[in-house]
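Written out below as C-alpha cells is the structure these notes cover.
The values are calculated or read from the model by the stated rules, or taken from the named source; none is laboratory data. Nothing here was measured: the structure is a model prediction, and the numbers come from that model. Cβ placement follows ideal geometry from the backbone for every residue including glycine, while neighbour counts extend to all protein chains displayed. Accessible surface areas use protein heavy atoms only, side chains included; no ligands, DNA or RNA. Shrake-Rupley method; radii C 1.70, N 1.55, O 1.52, S 1.80 Å.
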Amino acid sequence: MESIKQLYKIGHGPSSSHTMGPLKAAQEFGSRHRDAASFTVTLYGALAGTGKGHMTDVAILGELEPIAPTTILWQPDIFLPFHPNGMTFRAFDAEGKELECQTVYSIGGGDIVHEGEERPQAKKVYPMTKINDILEWTRQTGKSFWEYVEEYDDSDVWDYLAEVWRVMKEAVERGIDAEGVLPGGLGVRRKAVSYYLHAAGHNDSLRSRGLVYAYALAVSEENASGGMIVTAPTCGSCGVLPAVLYHLSTSKNFSDKRILRALATAGLFGSVVKYNASVSGAEVGCQGEVGVACAMAAAAASQLFGGTPAQIEYSAEMGLEHHLGLTCDPVCGLVQIPCIERNAYAAARALDSNLYASFSDGSHSVSFDRIVEVMKQTGHDLPSIYKETAQGGLAAIK
C-alpha cells in the first residue's frame, strides 16, 4: 500500500481525473514545447463528455495558452481503448509542421499514463493493508493508527501533512468569505456564508452543527469553482474531512500536532479503501467518495477525542456502512448537485459516528474491512448510469 501522500493530493478542483490529470499532462507537454507556435488538444470519451463541467478546458488552456494559441477539440463519442479519459496533444511550428503528437490518459486521482506505458506501480510503504491486521498491531504494540503511519510512511510525511492542513484551512476560510454563483450553468449560489452567519443565531448545539455544514459547503464550493483544495479522498468529497477538522480545531482548541495525527489516521483508512477497493465514483459510485470521506472524518474525530483503536475503527466502519449503495449521479456532470450538500451531510454523519462509537467499547459485528469488501461488490453491481455518467438518478431529472 502506497504512502498516504498519494491519497492527499493538493491541486485545483473540481475533479482529480478531469482537472488535475489534464493539468499535469498539459504542464508536461508544454514544458517540452516552449517555442511552439500553436497547440491542439483533442479530448475523448468521458473526458470530453463532462469535461466542460469539470473545467478540463480551463485547466489545459491555463497551461498552454501562455505559450501559444491553443484549440480544444471535443470527441465525446470516441473512446480510446486504454481508458475512457483520453486526450491527444499536438504542437506545431510557425509553418504548421507538427512537432509532436502524444496521447495521454487521466486514470484517476490526478495520475496520468502516456500512450504505450503501463499503469504506474505504486511504491509500497505499508506491510499491512487491512485494518484488522493493523488493529492487531496496535494491540500488540500499544500504539495507535497514527503511529503506524509514522513508523512506515515516508520520512517527510509530517511536513507533507502540515502543508495539507494549511491548504485545507485556507479553503475553508476562502469559501466562508466567497459569494455569488458557481460556474457551470446550473445557477447554484454559494451557501457557505449564509450557513455560517445563520449558525451564530442558534444555541450551542445547533450552532455547532451549522458551522460544520458551513465549513463543508465552503470547501466543496471552492472545489466547484476550481479553487485550491486537497483530495480527501477525492475532489468531489473534499469538503468532509476539512470541515470536521476545522470545526474541532477552532471549537475545541486541538493543537496542530493533534490535527496532523488525525489526518494521518484518516489517510490510513482512506488508503486501505483505495488499495482494497476504490475511491472512484466512476467505478463504485459516490459511496467510494463521500462514503469514504465520512469514514475518514469519523476516524479522525475519534482519534482527536481520545478514542481507542477499536473505537476509531468502529467510527470509520459506521461512516462507510451507512453510505453503502450511494450513487454517483451529478446533474449535468457538474460536481455541484447533489455533491456539495452530500459533503455537508457526511461531515455531520462523521461526528455522529464518532459519538455513537464513543458510547461503546469498540466491539461490533461487522468490521471495517468487511464493509470495504461489500462496498466494492455493491459498486460493481451498480448499473453504469449510476456511476459518474450523469445519465441516471438525480442527473436524469429534468
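Data overview
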| quantity | calculated |
| --- | --- |
| Counted residues, the stretch 319-329 - those being surrounded by fewer than 24 Cβ atoms within 10 Å (Cβ to Cβ) and not β-branched (Val, Ile, Thr) | 4 |
| One residue from THR50, THR70 being crowded, with 18+ Cβ neighbours inside 10 Å and over 26 Å from the mean Cα position of the chain (by Cα) | THR70 |
| Which numbered condition LYS97 misses (of (1) loosely packed, with under 13 Cβ neighbours inside 10 Å; (2) modelled with pLDDT under 90; (3) basic (Lys, Arg)) | (2) |
| Filter result for the condition that a residue is open to solvent by less than 70 Å² (accessible area, probe 1.4 Å), in contact with a strand residue (DSSP E or B) (Cβ under 8 Å, 6 or more places away or on another chain) and aliphatic (A, V, I, L, M), over VAL157, VAL167, VAL125, VAL149 | VAL167 |
| Qualifying position, being touching a strand residue (DSSP E or B) at 6+ places or on another chain (Cβ under 7 Å) and within 24 Å of ARG34 (Cα to Cα), among ILE67, ILE78, ILE107, ILE60 | ILE60 |
| Residues of the stretch 343-373 that turn out to be among the basic types (Lys, Arg) and either over 11 Å from MET318 (Cα atoms) or modelled with pLDDT under 95 (or both), as a count | 1 |
| Test: residue in the stretch 6-16 that is open to solvent by 20 Å² or more (accessible area, probe 1.4 Å) and out of contact with any helix residue (DSSP H, G or I) (no Cβ under 7 Å at 6 or more places or on another chain) | yes |
| Neighbours by Cβ (under 9 Å, 6+ apart or cross-chain): first from the stretch 203-230, more than 18 Å from PRO338 (Cβ to Cβ) and assigned to a loop (DSSP other than H, G, I, E, B); second open to solvent by 10 Å² or more (accessible area, probe 1.4 Å) and of a type in the set (A, V, I, L, M) | GLY226/MET55; GLY226/VAL58; GLY226/ALA59; GLY227/ALA178 |
| Residue selected from the stretch 199-231 under the condition among the aliphatic types (A, V, I, L, M) and within 16 Å of the chain's Cα centre (by Cα), by the criterion most open to solvent (accessible area, probe 1.4 Å) | MET228 |
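Yes/no matrix, rows are residues, columns are (1) surrounded by fewer than 22 Cβ atoms within 10 Å (Cβ to Cβ); (2) modelled with pLDDT of 95 or more; (3) more than 13 Å from the chain's Cα centre (by Cα):
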site: PHE254; (1), (2), (3): yes, yes, yes
site: ARG261; (1), (2), (3): no, yes, yes
site: GLY267; (1), (2), (3): no, yes, no
site: VAL272; (1), (2), (3): no, yes, yes
site: SER280; (1), (2), (3): no, no, no
site: ALA293; (1), (2), (3): no, yes, no
site: ALA297; (1), (2), (3): no, yes, no
